[in-house]
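The next block holds one structure in the form of structure tokens; read it before the comments.
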Amino acid sequence: MLDYHLHLWPHHEHDTVLRVDQLAEYCAQAEAVGITEIALTEHLFRFRQADALLGGFWDDESVPPALAESMAEYWKFHATVDLDAYIACAQEAKEAGLPVVIGLEVDYYEGRMDEVAALLAGYPFDVLLGSVHWVGGWRFDDLDDPVSMAEWPARQVDRCWDAYTTALEELAASGACDVLAHPDLIKVAGFVPSAPAEWWDRIAEAAVSSGMAAELNSAGWRKPVGEQYPAVELLRSFVARGVPLTTASDAHHLDHVAYRADDMRALLASVGVELLQGYRARVPHRVAVAGLGGPAGGQDADAG
Ligand SMILES: [Zn+2]
Ligand SMILES: [Zn+2]
């Protein structure tokens with residue numbers, strides 16, 4: 001079992017400190033429930049390097065002014081950390097023998113994914129998650145932002161799902177990332193079309209055609225929608241079509257690390273999944289749901 005989606009800081013935290021002992025606490029909590037490896041996957045937009053490259057992407061006349069203003073504030077609040085320091089901290093944890101791989105959660109930036117990939121190519125990432133958290137400058141999943149949440153009742157649910165899925169398809173086609181994070185995140189606030197199969201099919205096809213893995217993510221159980229990502233039907237579709245899976249808590253602090261790992265294990269058993277996909281240097285390997293992690297052929301022998 002893996003926990004391949006972890007953040008170091010809650011969204012409301014502005015002053016952020018990198019500590020190897022925090023990573024050791026994450027590992028201990030994960031190992032206590034049979035998770036053999038964790039991936040650090042902080043949001044790309046937490047880093048000053050992302051601000052330098054992408055800041056102002058919301059300045060587009062198609063983005064309503066209230067949403068553009070909200071995004072500008074959000075971005076300014078978050079983009080404070082040095083990406084090099086983050087990588088150095090994760091490497092220090094690895095060298096100390098902690099079962100950590102280095103990753104990032106990368107948003108979709110329309111027309112900019114080549115630039116994003118070029119930035120990320122300069123770092124020794126093990127795994128990159130690809131996410132869609134906003135469409136057209138609207139942070140549809142920012143439950144704490146009244147401006148963003150006011151949009152939901154004003155929009156047609158089908159159109160929201162369509163715009164989300166189109167962004168996800170483009171993200172997958174860009175080849176910039178390895179794993180589709182929370183594949184049906186658009187349901188987060190509880191707005192789900194009466195017949196979502198059309199979008200589930202497109203999401204599954206995006207994974208298949210890009211070769212990306214998909215994430216089983218327990219954070220949805222903590223949200224208004226009240227179910228894991230992806231929905232069981234979409235999970236079954238991934239499995240039927242041979243899409244590899246990771247497991248993830250999407251924790252933003254220690255309390256949620258390995259969140260509902262046993263429920264994810266039971267769900268995987270119910271759909272017949274015994275193997276997950278782990279990564280080293282963005283190269284995939286298989287990991288048993290119930291068993292030891294590490295690339296096929298045995299445990300890797302990281303220093304320390
Ligand atoms: Zn996310
Ligand atoms: Zn996340």
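Tabulated results
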{"quantity": "Leu245 within 16 Å of ligand 2 (Cβ to nearest atom) and under 23 Å from Leu268 (Cα atoms)", "calculated": "no"}
{"quantity": "Considering residues of region 87-116 that are under 26 Å from Ala163 (Cα atoms) and out of contact with any strand residue (DSSP E or B) (no Cβ under 9 Å at 6 or more places or on another chain) only, the residue nearest to ligand 1 (Cβ to nearest atom)", "calculated": "Tyr109"}
{"quantity": "Selection status of Ile87, of a type in the set (Val, Ile, Thr), within 21 Å of the chain's Cα centre (by Cα), within 16 Å of ligand 2 (Cβ to nearest atom) and not in a loop (DSSP other than H, G, I, E, B)", "calculated": "no"}
{"quantity": "Region 1-27 - residue that is of a type in the set (Asp, Glu) and more than 16 Å from ligand 2 (Cβ to nearest atom) and, of those, surrounded by the fewest Cβ atoms within 10 Å (Cβ to Cβ)", "calculated": "Asp15"}
{"quantity": "Selection count where residues are closer than 23 Å to Val188 by Cβ, assigned to a loop (DSSP other than H, G, I, E, B) and not hydrophobic (A, V, I, L, M, F, W, C), scope region 100-134", "calculated": "4"}
{"quantity": "Condition met for Ala39 (within 18 Å of Pro124 (Cβ to Cβ) and within 16 Å of ligand 1 (Cβ to nearest atom))", "calculated": "yes"}
{"quantity": "Answer residue from region 28-59, given it is assigned to a loop (DSSP other than H, G, I, E, B) and of a type outside the set (Gly, Ala, Ser) and is surrounded by the fewest Cβ atoms within 10 Å (Cβ to Cβ) among those", "calculated": "Asp59"}
{"quantity": "Identity of the residue in region 117-134, within 16 Å of ligand 1 (Cβ to nearest atom) and crowded, with 22+ Cβ neighbours inside 10 Å, that ends up farthest from Ile87 (Cα to Cα)", "calculated": "Trp134"}
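Rule-based calculations on the coordinates, nothing more; no lab input. Just so you know, these numbers come straight off a predicted model, no measurement behind them. Using ideal geometry, Cβ is built from the backbone for each residue, glycine included, and neighbour counts are taken over all protein chains shown.
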